[in-house]
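Report on the following structure.
The values are calculated or read from the model by the stated rules, or taken from the named source; none is laboratory data. Because the structure is predicted, anything quoted here is derived from the model rather than measured. Methodologically, a virtual Cβ is constructed for each residue, glycine included, from the backbone with ideal geometry; neighbour enumeration extends over all protein chains shown. Surface accessibility is based on the protein's heavy atoms, side chains included, excluding ligands, DNA and RNA. Shrake-Rupley method; radii C 1.70, N 1.55, O 1.52, S 1.80 Å.
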Amino acid sequence: MTQVKAKVTLVGAGPGDPDLITLKGMKAIASADVILYDALVNECLLAEAPAHCTKIYVGKRAERLSTSQDYINQLMVEYALTHGHVVRLKGGDPFVFGRGGEELDFVRTFGIETAVVPGISSSVGLTALQEIPLTYRGIAESFWVITGSTSDGRISEDLFAAVKTNATVVVLMGFAKLKQIVKLYQDAGKGELPIALIQNGSLENEKVVLGRIDSIIEAVEENKIGVPAIIVLGEVVAKHQQFEQVKKELLSSVAS
């Protein structure tokens, strides 16, 4: 029996549109013996795997039953030792709230070779597709990417620091905390700050809502926005091509 060469490669599949995965990511898929793929991965990418490849769904979704991280860690190791090359296919980028670092730490304890193929994070990919610049001379000198809540379910403490700056803030996995985030910005006197929510970004069923802090909750409810969605806060949101129309509608509603 031929001994397999154990290897685990973390591959970022990008924000959803299969065309946004890197060429190197596609090559990794094409060489996989096993693929462990997440919920936000476009499943059409699996067709690029070789015929013998075993494909296993290990999706994790907010507020739903999901595969535990410990179980995923065990699967990576077991399949690498028995099958060879395991591709851990993750939405976005493996190192941007993807727990990629934790997975590498676990796999390396078994002496297994590891590699990482970066992916386009939704934080930069979906904003770019909407033509919202995260930085803009004279408006925003930096951008923050923050998780919506911590492991214990609380709103991230980093948001309390970010709200005091002029930086663009992108909140991932934060839809459930939207009302708390809105209140945080209102309490900081930023009720007029532009904000956008992008649901199912880069896909055919994408939905985008633009507005200001004080009006966004109503707009989200009216447009039936839900998960998965990212939140973008900052003056740069006003650079979106349709934001002026939103501004006119808001002014019209106030006048009436």
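Okay, helix-only estimate at 222 nm for the chain: each DSSP H run of n ≥ 4 adds -39500 (n - 2.57), divide by all residues, round to 500 deg cm²/dmol; what do you get? Mean residue ellipticity, 222 nm, calculated: -8500 deg cm²/dmol. Among the listed pairs K7/K55; K27/K90; K90/K239; K177/K207; K60/K164, those with a Cα-Cα distance over 24 Å are K90/K239; K60/K164. Take every Cα pair under 8 Å whose residues are at least 6 apart in sequence, average their separation, divide by the length of the chain, and the relative contact order is 19 percent. To put it simply, the accessible area of the stretch 72-119 at a 1.4 Å probe is 55 percent carbon and sulfur.
Report which label in (i) -0.64, -0.94; (ii) -1.12, -1.20; (iii) -0.52, -0.89 holds the value of log10 I(q)/I(0) by the Debye sum over Cα atoms at q = 0.11, 0.14 Å⁻¹ derived from the coordinates of this structure. It is the one labelled (i).
If you sort the three axes of the alpha carbon gyration tensor as a ≥ b ≥ c, you get a/c under 1.5 for the stretch 123-256, which makes it rounded.
Sparse packing (at most 11 other Cβ atoms within 10 Å of the Cβ) combined with a DSSP loop state is found for the following trypsin sites (Lys or Arg not before Pro) in the stretch 140-217: R154, K164. For the stretch 53-120, GluC sites (Glu not before Pro) are listed when DSSP marks them as loop and at most 13 other Cβ atoms sit within 10 Å of their Cβ; the list is E63. Apolar share of the accessible surface for the stretch 126-256: 49 percent from carbon plus sulfur atoms, 1.4 Å probe. Average accessible surface for the stretch 73-165: 50 Å² per residue, computed with a 1.4 Å probe over protein heavy atoms with every protein chain in place.
Bridges between two residues of the chain, per DSSP, are antiparallel at a rate of about 40%. Among complete DSSP H helices in the chain, those whose alpha-carbon atoms stretch at least 15 Å along the helix's long axis and whose mean Kyte-Doolittle hydropathy reaches -0.5 are 69-83, 243-255. A straight Cα-to-Cα reach below 14 Å connects K5 with the aspartates and glutamates D33, E78, E113, residues fewer than 8 places away in its own chain not being considered.
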